[in-house]
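To start, the structure itself, in structure tokens.
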Amino acid sequence: MKPSQPRIFVAGHRGLVGSAIVRVLHAQGQDNIVTRTRSELELTDQAQVRAFFAAERIDQVYLAAAKVGGIHANNTYPAEFIYDNLMVQANVVHEAWRSGVHQLLFLGSSCIYPRMAEQPIREASLMTGPLEPTNEAYAMAKIAGIKLCESYNRQYGTDYRSVMPTNLYGPGDNYHPENSHVIPALIRRFHEAKLSGASTVVIWGSGKPMREFLYVDDMAAASVFVMQLERAAYGAVTEPTHSHINVGTGEDATIGDVAQLIGQVVGYRGRIEFDISKPDGTPRKLLDVGKLRALGWQASTPLATGLEHAYRDFLGNASRA
């Protein structure tokens, strides 16, 4: 371990994004990384979080811990989604400040933006209209996380930054049949249909909504990039009340087209049908990534390549499915 290295806490290191951030930091030669499982540190418990920060002398925090899920989970458990995420964010941000942590990166979600936001969605669209009802509770918690960081920066002079990723997928994902996001859910569904010889795979909704998908290792690389920016460079593209930065590819596709591509990657040969009685969610969600590109970063993993990596991860981690 190099003496000059910062002591970095990655909250949520077993999750999709947190595990990818750890991979990127290790690849950069960072050895001084602190992690805790949920059984070791319950982030919704303020006393535990306070004791952790008091003991560990952390320099930087990547706040990737969150309760996450797809449309079904968000629609079914809104109280859990808003409570758990608010508590984690409030505890980590506040106790990081109390213990003298000057640098923190908060990871949000593109669902913070209004359901009918102008496309592609600029950071300035925040709080300009109603949210998507199916994930409103989660979105409100993430908006609060941005405002937590901004408020501590304004009052205490901290350097707490926020990045808002588009829809993520890749190694470390959750493949639960009901509580997962669209890509891992479809990977599992097509894989099981392939094994059973099913003639048809049914997809929720019309297949017409447009979505942008970002490979999680690209998201992690962007997160580390933003954390390591000089404060002046970060401030040059952000505003005091719109301090977050979008992270995405700048390209989108219909859910139907994505389903077809996943079917090809998995090797499924049957038909795809769409159940229009199920909700579509937001009609389109494409992020404007101009701020991040102006700073010198852009995604590098094509969707087809990322899906191949994700399917290999699914095959190698059946226990997580």
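The values are calculated or read from the model by the stated rules, or taken from the named source; none is laboratory data. In this text the structure is predicted, and so the values were computed from the model without any measurement. Methodologically, a virtual Cβ is constructed for each residue, glycine included, from the backbone with ideal geometry; neighbour enumeration extends over all protein chains shown. Areas reflect the complete protein model, heavy atoms only, side chains present, ligands, DNA and RNA absent. Shrake-Rupley method; radii C 1.70, N 1.55, O 1.52, S 1.80 Å.
Axis of helix 46-56 versus longest Cα principal axis of the chain: the two differ by about 60°, to the nearest ten degrees.
Determine, from the Cβ-Cβ distance of D257 and T128 and an R0 of 30 Å, the FRET efficiency 1/(1 + (r/R0)^6), rounded to the nearest 0.05. Walk me through the intermediate numbers first.
Numbers: r = 29 Å, r/R0 = 0.96.
Using R0 = 30 Å, I get an efficiency of 0.55.
Please go through the residue pairs K208/K285; K142/K285; K67/K142; K208/K291; K67/K194; K147/K291 and name each one whose alpha carbons sit more than 22 Å apart in this structure. Could you put the intermediate results ahead of the total?
Values: K208/K285 12 Å; K142/K285 17 Å; K67/K142 11 Å; K208/K291 28 Å; K67/K194 31 Å; K147/K291 19 Å.
Check vs 22 Å cut-off fails for K208/K291; K67/K194.
Hey, any idea what the orientation-averaged projected area of the convex hull of the chain's Cα atoms comes to, in nm²?
Values: hull surface 63.5 nm².
Mean shadow area of the hull around the Cα atoms is 15.9 nm².
What FRET efficiency do you get for N317 and R23 if R0 is 22 Å and r is their Cβ-Cβ distance, rounded to the nearest 0.05? With a Förster radius of 22 Å, E is 0.90.
Rounded to the nearest 10 degrees, the angle from helix 136-156 to the longest Cα principal axis of the chain is 20 degrees.
What 222 nm value per residue comes from the helices of the chain, counting each DSSP H run with n ≥ 4 as -39,500 (n - 2.57) and dividing by all residues, nearest 500 deg cm²/dmol?
It lands at -13500 deg cm²/dmol.
As I understand it, the dipole of the chain uses +1 on the Cβ of Lys and Arg and -1 on the Cβ of Asp and Glu, about the Cα centre. Which of A47, Y234, P209 lies farthest toward its positive end? Result: A47, furthest along the dipole toward the positive end.
Basic side chains Lys and Arg get +1 at the Cβ, acidic Asp and Glu get -1 at the Cβ, and with that the dipole of the chain about its Cα centre reaches some 240 debye.
If I take every Cα pair under 8 Å that is 6 or more residues apart in region 1-111, average their sequence separation and divide by the length, what percent do I get for the relative contact order?
Values: 144 pairs, mean separation 35.2, N = 111.
Across region 1-111, relative contact order equals 32 percent.
Could you tell me which of rounded, prolate or oblate describes region 29-108, using a ≥ b ≥ c as the square roots of the eigenvalues of the alpha-carbon gyration tensor, with rounded for a/c under 1.5 and, failing that, prolate when a/b is larger than b/c and oblate otherwise? Taking the square roots of the gyration eigenvalues as a ≥ b ≥ c, region 29-108 is prolate. Electrostatic tally near V265: other residues with Cβ closer than 15 Å to its Cβ, Lys and Arg +1, Asp and Glu -1, net 0.
For region 113-267, a simple Cβ point-charge model (Lys and Arg +1, Asp and Glu -1, everything else neutral) yields a dipole of about 220 debye relative to the Cα centre.
Roughly to the nearest percent, how much of the accessible area of the chain is carbon and sulfur, given a 1.4 Å probe? Roughly 51 percent of what the probe reaches on the chain is carbon or sulfur. Assuming charge only on the beta carbon of Lys and Arg (+1) and of Asp and Glu (-1), the dipole of region 260-321 about its Cα centre is about 100 debye to the nearest 20. The value of relative contact order for region 209-321, using C-alpha pairs under 8 Å at least six residues apart, is 44 percent. Could you work out the local net charge near P133, counting Lys and Arg as +1, Asp and Glu as -1, over the other residues with Cβ closer than 15 Å to its Cβ? Taking every other residue near P133 into account, the sum is 0. Each Lys or Arg adds one and each Asp or Glu subtracts one; over the other residues with Cβ under 14 Å from the Cβ of L229, this totals +2.
By how many nm would the segment from Q5 to T76 lengthen if fully extended, with 0.36 nm per residue of separation less the alpha-carbon distance? Please report the intermediate quantities before stating the final value.
Working: separation 71, 0.36 × 71 = 25.56 nm, distance 4.31 nm.
Here the answer is 21.2 nm.
Surface exposure of the chain, expressed per residue as accessible area with a 1.4 Å probe, stands at 44 Å².
Full extension of the chain segment joining T241 with H94 gains 51.0 nm, where the gain is 0.36 nm per residue of separation less the Cα-Cα distance.
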